[in-house]
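Worksheet: the structure to be examined is printed underneath.
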Amino acid sequence: MIDINPAHTLSPSVLKFLEASTQGHYINGEVVSGAHSGSIPITNPATEQVIAQIDIADKKLVDQAVSSARSAFRHSSWKRMSPTKRQGLLLSLADAIEAEVDSIAELLTLENGKLLAHAKSEIRGAANTFRYYAGWATKLEGETLDLSLRQAPGRQNFAFTRREPVGVVAAIVPWNFPISIAAWKLAPLLAAGCTVVLKPSEVTPLSTLYLAKLFGDVGFPAGVVNVITGDGETGAVLTTHPEIDKITFTGSTQVGKIIGKAAMSDLKDVSLELGGKSPGLIFEDADLEDAAKGIAMGIFRNGGQVCVAGSRVYIQEKVFDKVVADIAAACQKMKMSDGFDVSSELGPLVSRTHLDSVLGYVDKGLSEGAELVCGGKRPNEKGYYMQPTIFASTDNQKKIIAEEIFGPVLVAVPFKDMEDGLRLANDSRYGLSSTVWTKDISKALHCVSELDAGWVFVNAPARSDANFPLGGNKQSGIGRELGKTGVYNFTKLKSVNIVF
Ligand code: NAD
């Protein structure tokens, strides 16, 4: 019996899905159990109840999944499929996802703790990502090239480039947006004609396993999409597998470095979407109420478990106290409750381990002498809840400012003028996202060019869109996903010269 908020009733399809004692992997179009090295319990972070078990795929099972993806890549049913047909499959998949929004969202809320409304918007966003990349399947193109090579007398040449699928992809994703991030990888790689073995996070695999069967239902050939479950060791076996042509990874900088090094030792193509410690810059001429709301939303949405969360805010000295008070007022009003409570504004954090890590940063902030403006505590005995928290500091060198906390913890620091603000904002080993709040367009444009980050949002909190490339500078990653770049990532260019 799954223990959830009595105001919500789980869909029959979710209850049926959770009946299985252990959830199998999805390989070659079938649910597969067996070859494993142990199992992992999946916990509802709102109730601390174990709701499912998953197998940890061992080497034999990883081999099976990779060889399924390899034979599907070579098989004419996928290799020779017309771009229009690939487009059609991606569109059908988007429709199938829309039809299952409620079930996938319930599983996501159960395993991750996020609000059901946010889970639904994540699933709908994923359907839109598949629709967006469906369009790209029919638009990949090469170029014709004029060469200066001298031809033998009487001979001519015709040179061109082709974009070909990169091959078999290993996709590794984190737990914070399991379905969005899986879609950011699956949709473009399928549009490009690749095949994949996807490993979701061991913390949130259920929604992805439920999604996996939809690929077979809408007619993707068996083996094109495979999903295996497991922990970091399974991920390491997958990413170092000799039959993998490309790795696309989203997760922590720490694991990204391990994967990057392993990829280089085999010279595998790799994209890394990693951690962040994204700054916001609020100038005294900004719409201050709007800025305070935007900063609160940018850090407290999804409990701050967002790679682009604006976790550092730099506020011009003259308006510092007012803006901090406004953000604190917004955060003290937030209703904290489980994701199935429709009035909830903040669900629990994803796991006990993660809650302990975030609380550990609160202790570090206090021992470093930062001023605790509000929050900082675990409010309930049950569930991994954490109060929205604000620190103020005049020193930019603290651990709570340098390190990614990945929770609802904001640190506010005052700045004097634009150059001072930009210096503080760029003083980080990360460079994922940033926001600027001002009514002065020339100031905004100067910040746009000076901020060392993959994203800059002016007068709005950071949000993703399928046509808006995402990726980090410095230790926030290598490469960009989404947009046109997102699909090109899964192609390799072949240059051809025909002499006739
Ligand atoms: P994580 O790095 O601990 O795990 C991510 C995935 O990697 C999981 O599936 C895990 O099982 C797997 N993994 C762990 N060790 C591995 C290894 N040695 N080899 C291969 N795979 C391995 O990250 P997390 O805690 O799941 O997610 C939070 C992190 O993700 C944060 O740092 C956040 O900033 C980052 N993130 C980045 C983006 C982005 O677009 N840049 C988006 C979302 C999350």
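Quick test for you: out of Glu273, Glu202, pick the one residue that is open to solvent by 20 Å² or more (accessible area, probe 1.4 Å), touching a Gly at 6+ places or on another chain (Cβ under 9 Å) and within 7 Å of the ligand (Cβ to nearest atom).
From the options Glu273, Glu202, the qualifying one is Glu202.
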Checklist entry - Can you name the residue in region 31-45 that is over 18 Å from Val203 (Cβ atoms) and in a loop (DSSP other than H, G, I, E, B) and, of all such residues, is modelled with the lowest pLDDT? => result Ala35
Checklist entry - Residues Glu111, Glu122, Glu141: which one is within 16 Å of the ligand (Cβ to nearest atom) and free of Cβ contacts under 8 Å to residues at least 60 places away in the same chain? => result Glu122
Checklist entry - Does Leu209 meet the test of being over 20 Å from Thr84 (Cα atoms), open to solvent by 10 Å² or more (accessible area, probe 1.4 Å) and not in a loop (DSSP other than H, G, I, E, B)? => result yes
Checklist entry - Based on what the data block shows, is Ile179 out of contact with any strand residue (DSSP E or B) (no Cβ under 7 Å at 6 or more places or on another chain), over 19 Å from Arg480 (Cβ atoms), crowded, with 24+ Cβ neighbours inside 10 Å and hydrophobic (A, V, I, L, M, F, W, C)? => result yes
Next on the checklist: Gly407 - would you say it is in contact with a helix residue (DSSP H, G or I) (Cβ under 9 Å, 6 or more places away or on another chain) and either aliphatic (A, V, I, L, M) or within 30 Å of Ala7 (Cβ to Cβ) (or both)?
Outcome noted: yes
Checklist outcome for this item: The condition from (1) in a helix (DSSP H, G or I); (2) in contact with a strand residue (DSSP E or B) (Cβ under 7 Å, 6 or more places away or on another chain) that Gly310 misses is numbered (1)
Next on the checklist: Can you list residue pairs whose Cβ atoms sit under 6 Å apart, with the first residue in region 230-245 being farther than 13 Å from Val197 by Cα and the second being within 7 Å of the ligand (Cβ to nearest atom) and not basic (Lys, Arg)? Count only pairs 6 or more apart in sequence or on different chains.
Outcome noted: Asp231/Glu202
Checklist entry - If you check every pair at least six apart or on different chains, which have Cβ atoms under 8 Å apart with a residue in region 191-215 that is in the same structural domain as Lys79 (by TED's automatic domain parsing) and over 16 Å from Gly251 (Cβ atoms) first and a residue that is open to solvent by 10 Å² or more (accessible area, probe 1.4 Å) and of a type in the set (Lys, Arg) second? => result Ala191/Arg86; Ala192/Arg163; Gly193/Lys79; Gly193/Arg86; Thr195/Arg70
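Going by the structure shown, is Gly223 within 13 Å of the ligand (Cβ to nearest atom), open to solvent by less than 10 Å² (accessible area, probe 1.4 Å) and in contact (Cβ under 8 Å) with a residue 40 or more places away in the chain?
no
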Item to check | Subset tally (residues that are over 25 Å from the mean Cα position of the chain (by Cα) and surrounded by fewer than 21 Cβ atoms within 10 Å (Cβ to Cβ)) for region 65-116 | outcome: 15
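Residue-wise test of (1) farther than 30 Å from Ala170 by Cβ; (2) β-branched (Val, Ile, Thr); (3) touching a Ser or Thr at 6+ places or on another chain (Cβ under 7 Å); (4) open to solvent by less than 60 Å² (accessible area, probe 1.4 Å).
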| residue | (1), (2), (3), (4) |
| --- | --- |
| Gly421 | yes, no, no, yes |
| Arg429 | no, no, no, no |
| Lys439 | yes, no, no, no |
| Val456 | yes, yes, yes, yes |
| Leu470 | no, no, yes, yes |
| Gly483 | no, no, no, yes |
| Ser495 | no, no, yes, no |
| Ile498 | yes, yes, no, no |
Checklist entry - Of the residues that make up region 149-158, is at least one in a helix (DSSP H, G or I) and either crowded, with 22+ Cβ neighbours inside 10 Å or not aromatic (Phe, Trp, Tyr) (or both)? => result no
Checklist entry - Among the residues of region 353-364, how many are among the charged types (D, E, K, R) and loosely packed, with under 14 Cβ neighbours inside 10 Å? => result 2
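Would you confirm, using the coordinates I've provided, whether Gly407 is assigned by TED's automatic domain parsing to the domain that holds Ala370, within 26 Å of the chain's Cα centre (by Cα) and either within 16 Å of the ligand (Cβ to nearest atom) or modelled with pLDDT of 95 or more (or both)?
Details: assigned by TED's automatic domain parsing to the domain that holds Ala370: yes; within 26 Å of the chain's Cα centre (by Cα): yes; either within 16 Å of the ligand (Cβ to nearest atom) or modelled with pLDDT of 95 or more (or both): yes.
So Gly407 fits the description; yes.
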Checklist outcome for this item: Over region 1-30, the set of residues assigned to a strand (DSSP E or B) and over 25 Å from the mean Cα position of the chain (by Cα) is Glu30
Checklist entry - Restricting region 244-269 to residues that are in a strand (DSSP E or B) and either under 16 Å from the mean Cα position of the chain (by Cα) or more than 22 Å from Phe73 (Cβ to Cβ) (or both), which is nearest to the ligand (Cβ to nearest atom)? => result Thr250
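The values are calculated or read from the model by the stated rules, or taken from the named source; none is laboratory data. What you are looking at is a predicted structure, and each value in this text was computed from that prediction instead of being measured. Reconstructed Cβ throughout: ideal geometry from the backbone, glycine too, with neighbour counts over all protein chains shown. Side chains included, ligands, DNA and RNA excluded: accessible areas come from the protein's heavy atoms. Shrake-Rupley method; radii C 1.70, N 1.55, O 1.52, S 1.80 Å.
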